[in-house]
Amino acid sequence: MIEVVALRKDYRIAVHHRGFWGALRNLVETRYNVVRAVDGISFTIEPGEFVGFVGPNGAGKSTTIKILTGVLEPTDGSVTVNGLVPRRDRIEHTRDIGVVFGQRTQLWWDLPVTESYDLLRHIYSVPEAEYRAQRERLCELLEVGPLLDTPVRKLSLGQRMRCELAAALLHAPTMLFLDEPTIGLDVVAKETVRTFLAAENRERGTTVLLATHDLSDVERLCPRMILIDRGALVYDGPLEAIRRRFGAERELRVDFEGAAPAELPDSVEEQERGPERLVLRFRPGEISSAKLIAWLSDRQTIADLEIHEPPIERIVAEIYRRGLPPPE
Amino acid sequence: MRAYLHFARCSFQRRAAYRLANWTGIAVNFFFFLIHAQVLVAFFGTRTLAAGWRPEDAVLYFAGSEALLMVLAGFPDWENNVGARIRSGQVASDLARPVDLFYRDLAERFGNAFYYLLARTTVLYAGALALYGIAPPLRPELLLLPLSLVLAIAVSGAIWYIAFSVSFWTENATGPVSAVIWVHTVLGGVVVPLDFYPDALRWVCDALPFRAALYTPVALLTGKLSGSALAFGLAHQAVWLALLVAGARVIEARGLRRLVVHGG
């Protein structure tokens, strides 16, 4: 179980003076700015959960993951993972977790993949038979068998990421921390990774915390989403609920058999207008779809229409831009 | 322990992946051996003895020092070190595994050293001595060479680890590491054997750790250390190793507390 209470992380960043004289001043004087990367977030993750950890670039996702994996020391607040304090009990803690940082590698760049796997076997003291069985299973699921003898530097990004995932799971950890594992991957590679992660969570009960800014990862995999922005927790709950809570707006596209009506009801927002077409946004709480369609068909014959819920990306982008709307 | 042996093995294999680098490295070491040896031969001129050394002692010393220079990491490994790992953020991946940062680094130094011992030292030492027609001194003290080499590799590993640890604070450790390279080269006996220094400077060298990383094993290999000087050399290596390991641990613990990993 992961328990995070009022977690805070400040970075002290050196600020350099500008220009020629500034460069000289930098030699004798350094100023620092304190940047708050994580600002008092709290959450709990139960064993077996698959949680999407979402936020824009610089929101504090990676910092939080690094605190949870024992890499960084928090400035304040408390973090326990399976009863251990990650930074203090780093060696013991990291024995039972798997970690993938999408922008780093745990594989030895100049050596064949299999050498890194053998090394990891010894790092985690995995018995030979268990190691072989687990490696075979992962190689099959992630389709990395044919890559084992290739030096890591010769792998494509998608191939490498599949190898990284296998590497993170060779010791069969109960918990998996993933920081942007699908970044830069093509559609096929992304799908392989996602299918694999879903199966690991479903069949082996592995707890997964997936940090990403790709919401399609979350839609596909995570029943629960934690959304952070500028270091603070914005939302924690099911993905569907965020749509209900914040995505109240609907979009209506209508094609008419003549000129589109010039006027619209007050509560409706015009998105796009063509000679015989309208794209409108409305809130069902203010005007129902049926009423709006009836209102429009009274004024012009409707040829075709579509109603869309807003994509989750737009809802989240709105939250990033404007902050939380009040609950409906 | 087995994990660290594997780190050493991987490091060995990483070196072995680049054959061309080894051959060019041998050429460079040999070139510097010739320069050093010729300068010393010229310095001796018609003299047969200086600071208790004969001209062939000097040739032998530089054959040994160039042959062991890479084994003892007379220069740091610029690509694979704790500073580079902090700068690239790779340190995050290291810390997320149950591995000690310092001992892992040290294990890699030993892997590198073993590779250079096989691929470079033998070729260089044999080639250099053959060129000058000098027979290697085979004395019972040589039995202590493996011990001295292990201590020296660990001392030099700890020195570079501490130097690169500056990256915990400034990210780029190039300046401080370059300064250490110069001090190490001069006080470690790479440029001039320590026996040629004036007494005051030799005391400084005896007090500092750098001779433990180079001069002691090279002088032992080339027959310039025996008796109490040898005992002092080995004790000096052991004491400095203990101090440097303790220092590296303290610096690492402080550094980790303020570690920053940028960019994902």
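The values are calculated or read from the model by the stated rules, or taken from the named source; none is laboratory data. Model, not experiment: these values are computed from the prediction. Reconstructed Cβ throughout: ideal geometry from the backbone, glycine too, with neighbour counts over all protein chains shown. What goes into the accessible areas is simple: the full protein's heavy atoms, side chains included, and nothing from ligands, DNA or RNA. Shrake-Rupley method; radii C 1.70, N 1.55, O 1.52, S 1.80 Å.
Given B:V166, B:V123, B:V155, which one is of a type outside the set (S, T, Y), out of contact with any Cys (no Cβ under 9 Å at 6 or more places or on another chain), closer than 30 Å to B:L259 by Cα and at pLDDT below 95?
Numbers: B:V123 fails: closer than 30 Å to B:L259 by Cα; B:V155 fails: at pLDDT below 95.
Unique residue meeting the criteria: B:V166.
In segment B:1-34, which residue that is among the aromatic types (F, W, Y) and part of a helix (DSSP H, G or I) is farthest from the other protein chains (Cβ to nearest Cβ)? First the steps, then the outcome.
Taking segment B:1-34 and keeping what is among the aromatic types (F, W, Y), we get B:4, B:7, B:12, B:18, B:23, B:30-33.
Keeping just the survivors that are part of a helix (DSSP H, G or I) gives B:4, B:7, B:12, B:23, B:30-33.
Working: B:Y4: 9, B:F7: 7, B:F12: 10, B:W23: 17, B:F30: 25, B:F31: 26, B:F32: 26, B:F33: 28 Å.
Among those residues, the one meeting the criterion is B:F33.
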Check your understanding: Name the residues in segment B:203-242 that are part of a loop (DSSP other than H, G, I, E, B) and open to solvent by 20 Å² or more (accessible area, probe 1.4 Å), would you?
Key -> B:L208, B:G223, B:K224, B:S226
Practice item. Please find, within segment B:35-58, the residue that is nearest to the other protein chains (Cβ to nearest Cβ) out of those that are aliphatic (A, V, I, L, M), open to solvent by 60 Å² or more (accessible area, probe 1.4 Å) and more than 20 Å from B:A128 (Cβ to Cβ). Key: B:A51
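Would you confirm, using the coordinates I've provided, whether B:A113 is at pLDDT 95 or above, of a type in the set (G, A, S) and crowded, with 20+ Cβ neighbours inside 10 Å?
Working: at pLDDT 95 or above: yes; of a type in the set (G, A, S): yes; crowded, with 20+ Cβ neighbours inside 10 Å: yes.
When the stated conditions are applied, B:A113 passes them.
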Practice item. Kindly check whether there is at least one residue in segment B:119-140 that is under 18 Å from B:P76 (Cβ atoms), in contact (Cβ under 8 Å) with a residue 24 or more places away in the chain, buried (at least 16 other Cβ atoms within 10 Å of the Cβ) and out of contact with any His (no Cβ under 8 Å at 6 or more places or on another chain). Key: yes
Review point. Does any residue of segment A:71-81 turn out to be under 23 Å from A:I45 (Cβ atoms), facing chain B (nearest Cβ under 9 Å), touching a helix residue (DSSP H, G or I) at 6+ places or on another chain (Cβ under 7 Å) and touching a residue at least 24 places away in the same chain (Cβ under 8 Å)?
Key: yes
Review point. Looking at segment A:121-142, is at least one residue at the interface with another protein chain (Cβ under 8 Å from one of its Cβ atoms), of a type outside the set (S, T, N, Q) and part of a loop (DSSP other than H, G, I, E, B)?
Key: yes
Review point. Can you tell me how many residues in segment B:243-264 are surrounded by fewer than 16 Cβ atoms within 10 Å (Cβ to Cβ) and touching an Asp or Glu at 6+ places or on another chain (Cβ under 7 Å)?
Key: 1
Point to revise | Every pair of residues 6+ apart whose Cβ atoms lie under 7 Å, when the first sits in segment A:298-310 and is loosely packed, with under 10 Cβ neighbours inside 10 Å while the second is hydrophobic (A, V, I, L, M, F, W, C) | key: A:T301/A:F256
Study note, to complete from the structure: The residue that is most open to solvent (accessible area, probe 1.4 Å), considering only those in segment A:237-277 that are touching a residue at least 60 places away in the same chain (Cβ under 8 Å) and assigned to a loop (DSSP other than H, G, I, E, B), is A:E249
Study note, to complete from the structure: Out of (1) open to solvent by 20 Å² or more (accessible area, probe 1.4 Å); (2) touching a Ser or Thr at 6+ places or on another chain (Cβ under 7 Å), the one B:V150 does not meet is (2)
Point to revise | Matching residues, segment A:168-190, being open to solvent by 10 Å² or more (accessible area, probe 1.4 Å), within 13 Å of chain B (Cβ to nearest Cβ) and among the acidic types (D, E) | key: A:E180
